[in-house]
Amino acid sequence: MHPARAWRGRSQRYRLEGEICEGCGARLFPPRDICPECQRPARTPYPLSGRGEVYSYTVVYEPPAGYEEQAPYIVALIKLEEGPLISAMLTDVEPEEVYIGMPVEMVTRVLHRQGERGVIAYGYKFRPVLRRMATMPAQPATVTA
Amino acid sequence: MREVAIIGVGQTPVGEHWGKGLRELALEALEAAMRDAGVERLDALYVGNMLSGQVEAQEHLGALVADFAGMHGVEAVKVEAACASGAAALRIGYAMIAGGLADFVAVVGVEKMTDAAGEAITAALATAADAEYEAVHGMTFTALNALLMRRYMHEYGYRREDFAPFSINAHRNAVHNPRAMLRFPITEEAFASARMIADPITLLDASPICDGAAAVILCPADQARAFHERPVRILASAVATDTVALHDRRDPLWLEAVALSAYRAFQQAGARPEDIDFFELHDAFTIMAALSLEASGFAPRGRGVAMALEGAIFRDGRLPIATMGGLKARGHPVGATGIYQVVEAVLQLRGQAGPNQIPHARLGMTQNIGGTGATVITHILEAID
Ligand SMILES: [Zn+2]
C-alpha cells in the first residue's frame, strides 16, 4: 500500500471515525458522504465507540497475497452498537470460541506488512470484550502483531 | 426499440489452457460463433473480462481481440463489472442493436486465470470487493460468501450438508457437457468431507479457477432467420446495482440488486417466475445460488436451500438450474461466465443440449452476479418459432 493511501485512511483505521447525518441522525461507517437512509449530505465526522457484536464470521485458510503469515485467521462482520456493520479480523480468540452474538471491541493491530521494507499497515481488529475492561474506553491501543 | 436475436454461439472448453493466452481463447470462441451464425462482417465487438490487467498485465482487450481477429477498424471495447463482466458486455451489445446503432455485434467473454498463483488470484478476485474496507482486512471472495452462508444457516436453521444438492446437481449436469471442466459426479459423502476453504465453505461449495472464452453473435430479430434456423430472442436485459461492500447492506441476506434486476427483466419480458423453464444462475458458491433463487422470486425467503433439497432444481424439477454444469462444475472463468450462461441457454432453447436437454424449453433465464451482488444482470431468452 502506498504510504499516502494508508495515511488517507488514518481517521477510519485508527479511530473508527465515521459520519453522522445531520438530517436523520444515522451514524455511518465507513464514511460515505451521502446518507443512504435519507440521501442528504452526511459529512460531519463521528467517532464510533468500537463496541459491537459478531453478526457472522469465518476462518480463512486460503489467504490472498500479503496475508499468508497470518493464516488461518478469522474475519467477521461486526454489528456496531451505533448500527453499522463493519468488516474486520477478530484477534485474541480461537475460532472455536467465536459465536454469532459474541460481544467484541476494537483494538489497533497490524493489518498486513508488505515485505521487509514495505509499509506496515495498522488498523482496527476486534477482540472479545474483556469483562474487567468493559467499562473502560474502547481503544486500549496496544499495538502488537 | 428493435428486438434483438442471438444467431450464433461459440465456446472453448473450460479448464487450464496452458497453451493458449487471452487472444487465442477469445478468437477461438469468436470464430466458432461467427461460423455458427454464418456472419463474416461485424459492426462492433464487446469483450467482457475482469482480470486481464492483474493476471496478464494486459488491458485494452477491445482493440486487442479485434486486432488479433483481423477486424481492422471495427468498433471494439472491453466491458468490466467484476464477475458480471460477460453479461455486462452482452447488455452493451444488446443496447447497440436495440437502439439502432449497429446491426451485427459480437460479444466475447474471456478470462485467463491459471497463469497466476493461487494467492495472487485470490487477491485479484478480491478487487471486486471494497479495497479500503473489505480487502484490506484480509477478506477474500470466499470469505465474504462464507459470512453470508454462516448467517443464513444461523437464521434459518440449515446444516452445511443441506447445501449439497446445488453441487451434486451441477456436477451431474457437467458430466454430459463436453465443454465443462469438472465432468464427474459427486456424492453427499464427498460434499460432507470436502476440504475447508473458509468455514463453512469447502472446495465443493465453490466454483473452480479456470480459463475460457465464450461468444455470441447478435443481430436485429427481424433479420435473424436469414442466418440461423433456430434464432433466440433476447426478451429482456436488465442491470441493477447495490453497495459494493457487503457490510453496507441493511439486510445482507437479501440481494437487493438480484431482486431489482429480476423484477425489471420479468417486467420487460411480460413474464412471471413460473413461466421460466430453466435458470442459469450464478452459483459461484452454493449460498449465492440459494440467495439468487430467493431474491429472483423462485423461492420464499429462507427457502432457497429447501427448494434444492426438494429436488426442484434438478433437470426434471420445477426449475432446472445449472443445466450444463453451472459455475460450480462447468467452471467459472469470471469475465467469461456471463456469456457461457447465455450460450448454454441458447443451446437449450435450440434443442441442442444433448442428454441435458430440458424438454420443450421455451423461456430461459440467465443471471450473472458481480461481487457479492453489487452488479446483477438478468437476461430472459426465448426460442423464436
Ligand atoms: Zn440521513
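The values are calculated or read from the model by the stated rules, or taken from the named source; none is laboratory data. Treat the numbers as computed from the prediction; the structure is a model and nothing was measured. No Cβ is skipped: glycine too gets one built from the backbone with ideal geometry, and neighbour counts run over all protein chains shown.
Computed quantities for the displayed model
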| item | result |
| --- | --- |
| Tally, over the stretch B:122-160, of residues that are among the small types (Gly, Ala, Ser), assigned to a loop (DSSP other than H, G, I, E, B), over 19 Å from the mean Cα position of the chain (by Cα) and at negative phi | 1 |
| Test: residue in the stretch A:60-77 that is within 16 Å of the ligand (Cβ to nearest atom) and either within 9 Å of chain B (Cβ to nearest Cβ) or more than 22 Å from B:Leu246 (Cβ to Cβ) (or both) | no |
| First in the stretch B:189-202 and away from chain A (no Cβ under 14 Å), second anywhere and surrounded by fewer than 20 Cβ atoms within 10 Å (Cβ to Cβ) and in a helix (DSSP H, G or I), Cβ under 8 Å, 6 or more apart | B:Phe191/B:Glu161; B:Ala192/B:Arg160; B:Ala192/B:Glu161 |
| Residue in the stretch B:172-187 that is within 14 Å of another protein chain (Cβ to nearest Cβ), touching a residue at least 60 places away in the same chain (Cβ under 8 Å) and in contact with a helix residue (DSSP H, G or I) (Cβ under 6 Å, 6 or more places away or on another chain) present | no |
| Given (1) basic (Lys, Arg); (2) in contact with a Lys or Arg (Cβ under 9 Å, 6 or more places away or on another chain); (3) within 10 Å of chain A (Cβ to nearest Cβ), index of the condition B:Arg150 fails | (2) |
| Complete set of residues in the stretch B:161-171 that are in contact (Cβ under 8 Å) with a residue 24 or more places away in the chain and within 24 Å of the chain's Cα centre (by Cα) | B:Asp162, B:Phe163, B:Ala164, B:Pro165, B:Phe166, B:Ser167, B:Asn169, B:Ala170, B:His171 |
| Of all residues in the stretch A:51-106 being among the aromatic types (Phe, Trp, Tyr) and touching a Phe, Trp or Tyr at 6+ places or on another chain (Cβ under 8 Å), the one that is surrounded by the fewest Cβ atoms within 10 Å (Cβ to Cβ) | A:Tyr73 |
| Selected residue [more than 16 Å from the ligand (Cβ to nearest atom), on the phi > 0 side of the Ramachandran plot and in contact with an Asp or Glu (Cβ under 9 Å, 6 or more places away or on another chain)] from A:Gly9, A:Gly115, A:Gly101 | A:Gly101 |
| Cross-chain or 6+ apart pairs with Cβ under 9 Å, the stretch A:89-100 first and under 22 Å from B:Tyr133 (Cα atoms), then modelled with pLDDT under 95 and surrounded by fewer than 17 Cβ atoms within 10 Å (Cβ to Cβ) | A:Asp92/A:Leu130 |
| Any hit, the stretch B:209-217, residues being more than 22 Å from the chain's Cα centre (by Cα), modelled with pLDDT of 95 or more and either within 14 Å of chain A (Cβ to nearest Cβ) or over 30 Å from B:Val108 (Cβ atoms) (or both) | no |
| Unique residue being part of a helix (DSSP H, G or I), among the aliphatic types (A, V, I, L, M), in contact with a Ser or Thr (Cβ under 8 Å, 6 or more places away or on another chain) and crowded, with 23+ Cβ neighbours inside 10 Å when the list is B:Val342, B:Val346 | B:Val342 |
| Single match in A:Pro45, A:Pro41 (criterion: out of contact with any His (no Cβ under 8 Å at 6 or more places or on another chain), within 16 Å of the ligand (Cβ to nearest atom) and at pLDDT 95 or above) | A:Pro45 |
| Residues of the stretch B:104-121 classified as surrounded by fewer than 24 Cβ atoms within 10 Å (Cβ to Cβ) and either of a type in the set (Lys, Arg) or not in a loop (DSSP other than H, G, I, E, B) (or both), total | 4 |
| Residue satisfying all of: in the stretch A:12-38; within 13 Å of another protein chain (Cβ to nearest Cβ) and touching a Cys at 6+ places or on another chain (Cβ under 8 Å); farthest from the ligand (Cβ to nearest atom) among these | A:Leu28 |
